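Notes follow once the structure below has been shown.
The values are calculated or read from the model by the stated rules, or taken from the named source; none is laboratory data. Nothing here was measured: the structure is a model prediction, and the numbers come from that model. FYI the Cβ positions are ideal-geometry reconstructions off the backbone, even for glycines, and counts take in every protein chain you see. Protein only, heavy atoms only, side chains kept; ligands, DNA and RNA dropped before computing areas. Shrake-Rupley method; radii C 1.70, N 1.55, O 1.52, S 1.80 Å.
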Amino acid sequence: MAILGIDIGGSGIKGAPVDVTNGTLVEERFRVETPQPSDVTSVVAAVAQVAAHFDATERIGVTFPGVVLHGVTRTAANVDKSWLGAPARDLFSQAVGVPVTVLNDADAAGVAEMTFGAGRGRKGVTIMLTLGTGIGSAVFIDDRLVPNTEFGHLKIKGEDAEERASAHAREVDKLGWAKWAKHVEEYLREMENLFNPDLFIIGGGISKKSEKFLPLIDIRTPTVPAVLLNEAGIVGAALAATGAEPAGEA
Ligand code: BGC
């Protein structure tokens, strides 16, 4: 069965129908630029534009780069503040004409990785961290998600971790790979001391270049790159919309 998954990111809003039995995209992705400012009205219209590009599916899953509780967006670190308290699930559903499931972007990526990617079949505590515009986190016990964790905002040396160790921080602070890897290492050390997970999965677009920084990171927890790369958010959104995973909707 195909379900449309749509991933709202800092620079682009991407969607594709996903075969939820195997996690593959059944059509090529369609992308529009994330509106700037990324206010509620503009982003809802952009999501509707992505949805309209494809044949209708019974339901749609949409990721959001912030906390989503019962379909309402509760934080907006890297998007317009009009999202604070916005009834996202209802707004998207009205705009696309079918029921929509909304969940946090890192939770979606994590669900996809645990189902079809680097975390498949893993037991114990797995923490997925997406290093992108911000840092997103998804925590699993076996394949069960603890939704809406916000470990990108853990304080490291007085700053939000995402201000030091996101892919965006590497670019704006013009950090070389070695220097940035140290920032990621210091963050992962803090995370492992607090949570003692069995596995870290590192996602976000930068995980494509994991050979440039993961070998430089010396921590005790096994750490692997995500395998679904750019598609993880779309796949996880579609999976969440099947209702199999009540992430962020419970
Ligand atoms: C947000 C998270 C989000 C992450 C990645 C953070 O700033 O607070 O909710 O998952 O960015 O987009």
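Of all residues in region 67-97, exactly one satisfies the criterion of being among the acidic types (Asp, Glu) and assigned to a helix (DSSP H, G or I), namely Asp90.
The combined condition, being more than 19 Å from the chain's Cα centre (by Cα), at pLDDT 95 or above and acidic (Asp, Glu), is not fulfilled by Glu113.
Number of residues in region 141-175 that are within 9 Å of the ligand (Cβ to nearest atom) and at positive phi equals 1. Where residues in region 41-66 are part of a loop (DSSP other than H, G, I, E, B), over 22 Å from Thr130 (Cβ atoms) and of a type outside the set (A, V, I, L, M), which of them is farthest from the ligand (Cβ to nearest atom)? So the residue we want is Asp55. Please verify whether region 158-167 includes one or more residues that are among the polar types (S, T, N, Q) and open to solvent by 40 Å² or more (accessible area, probe 1.4 Å). No; the residues of region 158-167 include none that is among the polar types (S, T, N, Q) and open to solvent by 40 Å² or more (accessible area, probe 1.4 Å). If the condition is being within 10 Å of the ligand (Cβ to nearest atom) and more than 18 Å from His168 (Cβ to Cβ), then region 131-140 contributes only Ala138. In region 78-88, the count of residues that are more than 20 Å from Thr242 (Cβ to Cβ), assigned by TED's automatic domain parsing to the domain that holds Phe54, modelled with pLDDT under 95 and not hydroxyl-bearing (Ser, Thr, Tyr) is one or more.
Report the residue count in region 33-64 for those that are under 29 Å from Thr149 (Cβ atoms) and of a type outside the set (Ser, Thr, Tyr). Residues flagged as under 29 Å from Thr149 (Cβ atoms) and of a type outside the set (Ser, Thr, Tyr) within region 33-64 amount to 17. Applying the condition of being crowded, with 17+ Cβ neighbours inside 10 Å and of a type in the set (Val, Ile, Thr) to region 27-53 and asking which residue is farthest from Thr101 (Cα to Cα) yields Thr34. A single member of Val227, Val235, Val184 is closer than 26 Å to Leu69 by Cα and modelled with pLDDT of 95 or more, and it is Val235. A count restricted to region 195-215 and to residues that are touching a Phe, Trp or Tyr at 6+ places or on another chain (Cβ under 7 Å) and either among the small types (Gly, Ala, Ser) or assigned to a helix (DSSP H, G or I) (or both) stands at 1.
Ile13 - would you say it is surrounded by 22 or more Cβ atoms within 10 Å (Cβ to Cβ) and more than 16 Å from the ligand (Cβ to nearest atom)? So Ile13 fails the test. Kindly indicate whether any position in region 114-130 is surrounded by 24 or more Cβ atoms within 10 Å (Cβ to Cβ), away from the ligand (no atom under 13 Å from the Cβ), free of Cβ contacts under 8 Å to residues at least 60 places away in the same chain and farther than 14 Å from Gly61 by Cβ. Scanning region 114-130 turns up at least one residue that is surrounded by 24 or more Cβ atoms within 10 Å (Cβ to Cβ), away from the ligand (no atom under 13 Å from the Cβ), free of Cβ contacts under 8 Å to residues at least 60 places away in the same chain and farther than 14 Å from Gly61 by Cβ. Just so you know, in region 55-68 the residues that are hydrophobic (A, V, I, L, M, F, W, C) and under 17 Å from Val111 (Cβ atoms) include one that is surrounded by the fewest Cβ atoms within 10 Å (Cβ to Cβ), and it is Val67.
Among the numbered conditions (1) out of contact with any Gly (no Cβ under 9 Å at 6 or more places or on another chain); (2) at negative phi, the only one that Asn196 does not meet is (2). Can you tell me how many residues within region 90-108 are within 16 Å of the ligand (Cβ to nearest atom) and open to solvent by 10 Å² or more (accessible area, probe 1.4 Å)? Residues flagged as within 16 Å of the ligand (Cβ to nearest atom) and open to solvent by 10 Å² or more (accessible area, probe 1.4 Å) within region 90-108 amount to 1.
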